[in-house]
Amino acid sequence: MHSNPTLKILLIEDSSSHATLFKLSLDKALNTPHEIDHAHSLTESFQLLATNSYNIVVIDLGLPESFGLDTVNRFFAEAGPDHAVIVLTASDEEGIGEEALRMGTLDFLVKGRYGADHLARCIRHSLERWRQRNELEQAREDLKSFAHAAAHDLRSPVTSISAYASILQDNLDTDIIGEENKEFLDQIVFLADQAERLTTALLNFSVLGNKALVRSNIDPKVVAQHSVADLPMEFEESMARIKIDDLPEVNADPDLLEHVFQNLIGNGIKYRSQSAPEIHISGTRVHHEVIFSVSDNGVGIDPKLKDKVFEPFKRLPSAGASDGFGLGLAICQRIVEAHQGRIWVDSTEGTGSIFRFSIPAAQANAPTLVGEVELDPALN
Ligand code: ADP
């Protein structure tokens, strides 16, 4: 006979009487084998999660050490996103349950208003939603691997075509092949170069977006300064003034964070207006994250299109003849989201843009990476 595996539930609830009520309701209505572990605080739950795996985590939003949506934030920041979470709210007056859903939880229950059957149904539905979410995630992963393999395998022949075409362009005299053939050859060189840059951008998109994070506590100012030092040559010639404030420490992968700064600063210079580019990087700690802002005085973005710019291959008419492929911001978004952060832009056409993104603040017990960058006074 085939027996059902035991469903493991972690309940994070500071009130023992509520926890008892929860267990009684579940025992009454859930007719599959189940086990409930009870943590009284987030800290205790992290200890349990370190040695156990659970099918469902139920979190009361009002805990002694955190309250409301901050509890969800803290849970995902410390435990990671791979948990099927249901939240218990004290009331639903401010749409807090829906907001918790947007943050990645599967369902919410209003305390004192759910009965045993409702609770059991909520658990079953959440498990099904979690299964579907994982299936979708797997399909996305397969697609990413495919994109990676395609970009990787195309890069080598495309690079060779570009190199051979350049040799032909250098070796063949217009007198021998004629004006028209020379133009065809120039066109082949131009297109092969474009294809090479595109496959490189695609490879970056798949590699950087999927790279395993190597996180530590870091000073983002040092990282931002590195990214300025590594800007391509043409940006140096733009006479851009780049101001970097002192920034609160974050817990992040320094290589990936550098990539985000470099992309945003590079775009601030690339999409400049008539005036010399002025870029300002600042950051403020808000609860458990740091919100960075990278502002520029460039051409700006039509507010109606401000979410579109993060889509892969999306370029706006304002991009003009610049040679991008619309992948830079999509990569930034992937990197920021891999850190459980968000990225967005505020802009008015003609007066510049402010890109903002959040990254978890430095954590008490995480290792600290000490930067060894040479400080350039011009960057301050
Ligand atoms: P690209 O390689 O085209 O620069 P991105 O993903 O970095 O790709 O940017 C997508 C589009 O968003 C750009 O083509 C441009 O239209 C717009 N954009 C990005 N950053 C800025 C900016 N700082 N100012 C104005 N427009 C921008």
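Computed quantities for the displayed model
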{"item": "Residues that are at pLDDT below 90, charged (D, E, K, R) and loosely packed, with under 12 Cβ neighbours inside 10 Å, drawn from segment 100-139", "result": "ARG102, ARG113, GLU137"}
{"item": "Residues satisfying the stated conditions in segment 25-43, i.e. closer than 29 Å to ASP70 by Cβ and surrounded by fewer than 16 Cβ atoms within 10 Å (Cβ to Cβ)", "result": "GLU35, SER41, THR43"}
{"item": "From the options VAL309, VAL299, VAL294, VAL286, residue that is of a type in the set (A, V, I, L, M) and more than 9 Å from the ligand (Cβ to nearest atom)", "result": "VAL286"}
{"item": "Every residue from segment 205-231 that is touching a residue at least 60 places away in the same chain (Cβ under 8 Å), in a helix (DSSP H, G or I) and over 18 Å from ILE291 (Cα atoms)", "result": "PHE205, SER206, LEU208, GLY209, ASN210, HIS226, VAL228, ALA229"}
{"item": "Helices (runs of 4 or more DSSP H) fully within segment 11-115 counting 3 or more residues that are closer than 27 Å to SER216 by Cβ", "result": "42-51, 69-79"}
{"item": "Counted residues, segment 232-271 - those being within 16 Å of the ligand (Cβ to nearest atom), part of a helix (DSSP H, G or I) and within 21 Å of GLY298 (Cα to Cα)", "result": "14"}
{"item": "From ALA147, ALA201, residue being touching a Ser or Thr at 6+ places or on another chain (Cβ under 6 Å), in a helix (DSSP H, G or I) and at pLDDT below 90", "result": "ALA147"}
{"item": "Condition check for LEU26: over 19 Å from HIS288 (Cβ atoms) and either touching a residue at least 60 places away in the same chain (Cβ under 8 Å) or under 25 Å from the mean Cα position of the chain (by Cα) (or both)", "result": "yes"}
{"item": "Subset of segment 325-366 (residues that are among the small types (Gly, Ala, Ser), within 9 Å of the ligand (Cβ to nearest atom) and under 19 Å from VAL299 (Cβ atoms))", "result": "GLY326, GLY328, SER347, GLY352, SER353"}
{"item": "Which numbered condition GLN225 fails, given (1) in contact with a strand residue (DSSP E or B) (Cβ under 7 Å, 6 or more places away or on another chain); (2) exposed (fewer than 15 other Cβ atoms within 10 Å of the Cβ)", "result": "(2)"}
{"item": "Selected residue [within 30 Å of ASN365 (Cα to Cα), over 21 Å from the mean Cα position of the chain (by Cα) and either of a type in the set (Val, Ile, Thr) or modelled with pLDDT under 90 (or both)] from VAL223, VAL228", "result": "VAL228"}
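The values are calculated or read from the model by the stated rules, or taken from the named source; none is laboratory data. Just so it is clear, the structure is predicted and the values come from calculations on it, not from any experiment. Cβ atoms come from the backbone with ideal geometry, glycine included; neighbour counts cover every protein chain shown.
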